[in-house]
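The structure appears right after this line, and notes come after that.
The values are calculated or read from the model by the stated rules, or taken from the named source; none is laboratory data. Remember, predicted model here, so these are calculated numbers, not experimental data. Note: ideal-geometry Cβ built from the backbone for every residue, glycine included; neighbour counts use all protein chains shown. Accessible surface areas use protein heavy atoms only, side chains included; no ligands, DNA or RNA. Shrake-Rupley method; radii C 1.70, N 1.55, O 1.52, S 1.80 Å.
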Amino acid sequence: MTAPTVNTHPYSALMSAARDLLERASLVDISEQKSAEVIEAIEAVHDLLGEPSRERLLRRPFDAVQRERERGAEGRWFPTGFNPVYPQPVMRFEDDRVIANWRSSAFEEGPPNSVHGGISAFLIDVVAGVMIQALGIRAVTAQLDMKYRQRLPLDADIEIVARLSEVDGRKHWVDAEIIHDGVKAVTARGLFITIDV
């Protein structure tokens with residue numbers, strides 16, 4: 001099945017509901033009896049979904065993000081919408097950059113009450129990669145240099161910004177930053193190499 005470029009795919013909604021369920025299950029204190037009832041209900045959902053029909057998660061076509069960007073400033077992009085365990089930043093395209101908004105949660109905790117540094121790296125990589133793809137460039141991450149300047153708290157609104165800064169043949173550099181409360185908490189520079197796909 002080929003995934004559409006629009007962000008209203010029914011699987012995106014299903015993955016969002018699955019993520020909500022995982023988060024709720026992780027944050028409640030319930031009795032053994034209640035836990036058994038919930039497990040029974042989840043098993044019923046398994047039966048309702050049926051057997052897996054593919055080995056991998058759905059993916060949007062490589063050029064889908066470029067088409068979404070061409071829709072204009074009102075276009076929104078959910079790059080990880082088919083994966084319920086990935087962070088779900090909401091992206092928009094503005095001129096020569098991609099801006100993502102995201103709210104950290106208990107899922108992303110590293111140090112106490114702080115976002116794990118690996119999640120920051122993941123978000124930078126995703127947003128920088130979307131920046132590259134939005135320009136119609138088919139490239140993959142070759143190097144990602146991160147500078148952690150300030151901790152990112154949990155349950156906080158965070159902005160991630162990426163822009164293409166330099167091109168040399170097959171090499172493309174993207175500068176990116178994670179901003180919380182007006183302060184650049186993480187800065188990064190990524191090198192992306194074009195590929196034939």
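Given a 1.4 Å probe, how much area per residue of the chain is accessible, in Å²?
Values: 11790 Å² over 197 residues.
Counting only protein heavy atoms, the per-residue value for the chain is 60 Å².
Apolar share of the accessible surface for the chain: 50 percent from carbon plus sulfur atoms, 1.4 Å probe.
Among the lysines, which have Cα under 26 Å from the Cα of LYS147 when same-chain residues fewer than 8 positions away are ignored? Answer for LYS147, where 26 Å is the Cα cut-off: LYS171, LYS184, listed by chain and number.
The GLU109 and ARG24 beta-carbon pair, evaluated with R₀ = 22 Å, returns a calculated FRET efficiency of approximately 0.85.
Considering only GluC sites (Glu not before Pro) in DSSP loops that have at most 12 other Cβ atoms within 10 Å, the longest stretch of the chain without any of them is 75-197.
Relative to the dominant Cα principal axis of the chain, helix 117-134 is inclined by about 60°.
Against the chain, whose longest principal axis comes from its Cα atoms, helix 32-49 is set at around 60 degrees.
Once the Cβ-Cβ distance of ASP157 and ILE195 is raised to the sixth power relative to R0 = 41 Å, the FRET efficiency obtained is 0.75.
The angle separating the long axis of helix 10-27 from the principal Cα axis of greatest extent in the chain is about 60 degrees. For the chain, a crude dipole built from +1 on the beta carbon of Lys and Arg and -1 on the beta carbon of Asp and Glu, taken about the Cα centre, is about 720 debye to the nearest 20.
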